[in-house]
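Student: Below is one structure. I have some questions about it.
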Amino acid sequence: MLKAICSGKELTLSSYYVCVRDIIDCRQLDRLKLITHHISTTRFQHCLNVSYYSYLLCRRLGLNARSAARAGLLHDLFYYDRKEYNSKKIKGQISHSRLHSNLAVMNASLLTELTELECDMIKNHMWPLTRPLPKYMESYVITIIDKYCAVLEFCVPKLKKAMHH
């Protein structure tokens with residue numbers, strides 16, 4: 001079953017899935033299922049969460065929900081260990097925030113054709129930690145949803161654990 005955090009909806013049966021079905025099962029995204037992200041989830045699950053909730057909010061706001069779904073799924077398409085990178089960071093080296101966004105755009109463009117909007121959403125999802133400003137409203141949506149999902153991914157497992165004790 002394919003579900004986003006805090007949602008009971010089976011995503012393969014939804015209008016959301018139509019937007020991402022050509023890329024969601026590719027081996028490049030499968031590799032993300034093996035990488036821990038935000039302590040309690042996988043990078044794939046995080047990308048799915050961002051993708052689904054960005055899709056919903058963009059649809060509600062009358063923005064490009066399809067591009068939001070696709071960019072959300074691809075926004076963290078990188079394979080290195082963020083903690084390891086930060087611990088070995090050399091003064092003057094590019095920050096993880098900038099590096100992973102650029103790598104994600106490059107990796108995503110090898111997987112599928114990206115629109116200018118999708119590139120902006122992926123490349124600028126770490127704003128305001130990175131520059132320049134996003135160009136599109138959808139890019140601000142994915143930025144906000146990325147942070148929202150990170151909070152959920154940290155808090156929900158802790159809340160569930162606390163409720164069971």
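Student: Determine, at each q value in 0.21, 0.23, 0.32 (inverse angstroms), the log₁₀ of I(q)/I(0) that the Debye formula gives when each Cα of the stretch 14-54 is one equal point scatterer.
Tutor: -0.67, -0.77, -1.10
Student: OK, next. Amide H to amide H, which residues 5 or more places from residue 42 or on other chains are under 5 Å from it, using H placed in the peptide plane?
Tutor: Counting only residues 5 or more places away or on other chains, the set is 37.
Student: Over the stretch 26-85, what is the relative contact order in percent, taking alpha-carbon pairs closer than 8 angstrom and at least six residues apart?
Tutor: This gives 31 percent for the stretch 26-85.
Student: Can you give me the distance in nm between label points at residue 116 and residue 7, each placed 7 Å from the Cα along the Cα-to-Cβ direction?
Tutor: 2.9
Student: Using the Cα atoms of the stretch 5-87 to build a convex hull, what is its mean projected area in square nanometres?
Tutor: Average projection, Cα convex hull of the stretch 5-87: 5.9 nm².
Student: Can you tell me the order of 39-51, 108-120, 17-29 when each peptide is scored by its average per-residue count of other Cβ atoms within 10 angstrom, highest first?
Tutor: Final packing ranking: 39-51, 108-120, 17-29.
Student: What relative contact order, as a whole-number percentage, does the stretch 1-61 give when Cα pairs under 8 Å and 6 or more residues apart are counted?
Tutor: That works out to 25 percent.
Student: Going by average Cβ neighbours within 10 Å, how do the peptides 2-10, 98-106 rank, with the highest at the top?
Tutor: In decreasing order of mean packing, 2-10, 98-106 become 98-106, 2-10.
Each reported figure results from applying straightforward, stated rules to the coordinates on display, with no laboratory input. Everything quoted here is computed from the prediction, not taken from an experiment. No Cβ is skipped: glycine too gets one built from the backbone with ideal geometry, and neighbour counts run over all protein chains shown.
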